[in-house]
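Everything below concerns the one structure shown next.
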Amino acid sequence: MKRSIGNLCFFLLLALTVFGAACTTAPIDENDPAALYKDAEDEIQSDHYLVAIEKLKNIKNRFPYSKYSLEAHLRVADIYFLQEQFDEAAATYESFRDLHPKHPKGAYALFRIGKSYFNSIPSQIDRDLTSAEKSLEIYETFLRAYPKAEETTEARQDISKLRDLLSKKELLIADFYFKRKIYHSAKNRYKKILDLYPDTEAAKNAKQKLEIISSSASKTGETQ
């Protein structure tokens with residue numbers, strides 16, 4: 001009997017606590033974009049990403065000329081990035097820049113486009129590396145446009161990795177032709193590595209293979 005009374009008291013206390021917390025939570029002013037934006041941010045901090053996206057889109061639709069509409073657009077892209085939906089993130093950052101080319105966070109958005117492509121690069125070098133090429137192009141544009149942005153160090157580090165990766169992909173293709181003695185095609189690929197990625201390890205290998213091709217051509221009297 002005492003245990004039953006104790007349990008009842010516990011549940012009553014719990015109910016009163018929950019009720020009291022609910023009563024102290026101020027209602028959100030649906031006509032205040034600042035309040036709505038803060039509410040969406042709270043959802044992001046709680047990892048409620050889908051709910052946050054809906055609330056941010058609501059701000060964009062209802063208050064298109066508010067500064068919070070611009071912030072909401074960018075935060076939607078951030079959520080896609082946090083969810084590792086990098087294709088959607090890149091597209092949303094790109095649309096933000098297209099619509100607001102002079103926005104103060106333009107540098108951040110451009111960097112995140114490059115990072116989104118960077119993060120979507122396949123793990124296998126023999127796969128399609130279009131995302132790596134796009135990332136390199138975006139990062140180089142970013143550094144030219146915003147040489148003093150806070151993300152420049154990370155961008156340069158990623159560029160170094162991208163150049164190494166893309167040079168290895170070219171080397172893989174060039175070696176494929178080389179091993180089959182299709183020297184004309186191999187030679188063009190090796191020269192491409194020297195032209196585009198002269199400071200990479202692949203360039204050293206390419207130079208050696210070009211010397212072998214040249215030597216072979218001299219011995220046979222053929223033009224490779």
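No value in this document is a laboratory result; all are computed from the given coordinates. Owing to the predicted nature of the structure, the values given are computational and were not obtained by experimental measurement. Every residue, glycine among them, receives a Cβ derived from its backbone with ideal geometry; neighbour counts consider all protein chains shown.
What is the sum of charges around S120, taking Lys and Arg as +1, Asp and Glu as -1, for the other residues whose C-beta is under 15 Å from the C-beta of S120?
Details: positive: R112, K115, R127, K134, K161; negative: E84, D87, E88, E94, D128, E133, E137, D158.
Around S120, the charge tally is -3.
From the P(r) of the stretch 162-201, could you give the percentage of C-alpha pairs in the tail past 11 Å?
55 percent
Give me the aspartates and glutamates in straight-line cross-link reach of K207: C-alpha distance below 17 Å, same-chain residues under 8 apart excluded.
List returned: D164, E170, D175, D195, D199.
List, in order, the whole-Hz ³J(HN,Hα) value for each residue of the stretch 137-144 obtained from phi through the Karplus relation with A = 6.51, B = -1.76, C = 1.60 and θ = phi - 60°; use x for Gly and Pro.
4, 5, 4, 5, 5, 4, 5, 5
Using the crude model of +1 on Lys and Arg Cβ and -1 on Asp and Glu Cβ, and no other charge, please compute the dipole size for the stretch 117-218 relative to its Cα centre, in debye to 20.
Values: 19 positive and 16 negative charges, 127 e Å.
The calculated dipole for the stretch 117-218 is roughly 620 debye.
Is there a pair in K115/K169; K134/K191; K55/K102; K105/K134; K60/K148; K181/K204 whose C-alpha atoms are over 29 Å apart, and which pairs would that be?
Check vs 29 Å cut-off fails for K60/K148.
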